[in-house]
């Protein structure tokens with residue numbers, strides 16, 4: 001039977017298990033929500049939600065340099081114990097997040113971090129674009145909301161599709177890792193540097209410079 005994305009998300013919110021695990025559980029149990037929760041608990045996948053109140057103060061600060069030094073990423077990812085932090089599964093996750101930041105260029109970690117003025121400005125652009133097509137304002141608002149979700153998936157790390165598997169978001173990866181290692185996982189902060197970024201570069205008209213030099217020699 002077909003399992004809706006909304007049901008999968010509801011199960012994930014209720015259990016903290018990964019999206020793919022939730023979908024598989026619902027399929028296994030014929031769409032029965034309560035049975036799917038039981039299935040996840042039996043498999044040890046539903047303990048992520050219990051970790052929400054835990055303190056994640058261990059982890060790793062990692063760096064990644066790309067393109068011979070032209071792009072650099074620094075990230076801090078936390079877990080609850082040094083034992084998990086030193087494990088290969090956690091370290092692989094950290095490397096994947098560095099690669100994600102390098103490739104997908106997120107601006108924020110989560111939607112909650114986006115300043116209200118930035119959200120308002122972005123939505124205004126989408127509403128005005130929709131209004132320009134002559135559609136009613138109520139429809140334009142709905143169109144803008146849809147485009148805002150797409151924008152979130154572009155600028156927010158947790159909402160981005162994973163560069164190695166676009167069927168999963170980074171949020172899904174965290175859920176999967178939490179289920180696997182049994183600890184709270186938090187991407188705390190990151191910074192991405194790109195060589196020359198923010199520097200106003202002088203445009204050079206090579207042909208004009210050569211012509212000017214030739215003119216000098218002819219004088």
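Throughout, read-outs are computed from the coordinates displayed, never taken from laboratory work. Keep in mind that what you see is a predicted model, and the values were worked out from it rather than measured. Here the Cβ positions follow ideal geometry from the backbone for every residue, glycine too, while neighbour counts run over all protein chains shown.
Extension gain for residue 125-residue 66 works out to 17.9 nm (0.36 nm per residue, less the C-alpha to C-alpha distance).
Here the extension length gained between residue 163 and residue 42 equals 40.5 nm, from 0.36 nm per residue of separation less the Cα-Cα distance. Only DSSP H runs of four or more residues enter the estimate; each adds -39500 (n - 2.57), and after division by the residues of the chain the mean residue ellipticity at 222 nm equals -16000 deg cm²/dmol. Remark on the stretch 84-137: Rg and Dmax equal 18.6, 57 Å (Cα only). Counting DSSP beta bridges with both partners in the chain, what percentage is antiparallel, nearest 5? Antiparallel: roughly 95 percent of the beta bridges in the chain. Altogether, the Stokes-Einstein calculation at 20 °C and 1.002 mPa s, with the Kirkwood radius of the stretch 1-46 over Cα pairs as Rh, returns a diffusion coefficient of 219 µm²/s.
Cα axis of helix 206-218 to longest principal axis of the chain: angle in degrees, 0 to 90, nearest 10? Taking the Cα atoms of the chain, the angle to 206-218 is about 20 degrees. Using R0 = 30 Å, the C-beta based FRET efficiency linking residue 81 and residue 5 works out to 0.35.
For the chain, a Kirkwood hydrodynamic radius built from all Cα pairs, placed in the Stokes-Einstein relation at 20 °C and 1.002 mPa s, yields a translational diffusion coefficient of 104 µm²/s.
If you fit an axis through the alpha-carbon atoms of helix 116-131 and take the longest principal axis of the Cα set of the chain, what angle between them do you get, 0 to 90°, nearest 10? The angle comes out at about 80 degrees.
For the chain, set up a GNM with springs between Cα atoms under 10 Å and report which of 167, 201, 123 has the largest fluctuation. Judging by the Gaussian network model, the answer is 201.
Helix 19-28: angle to the longest alpha-carbon principal axis of the chain, degrees 0 to 90, nearest 10? Rounded to the nearest ten degrees, it is 40.
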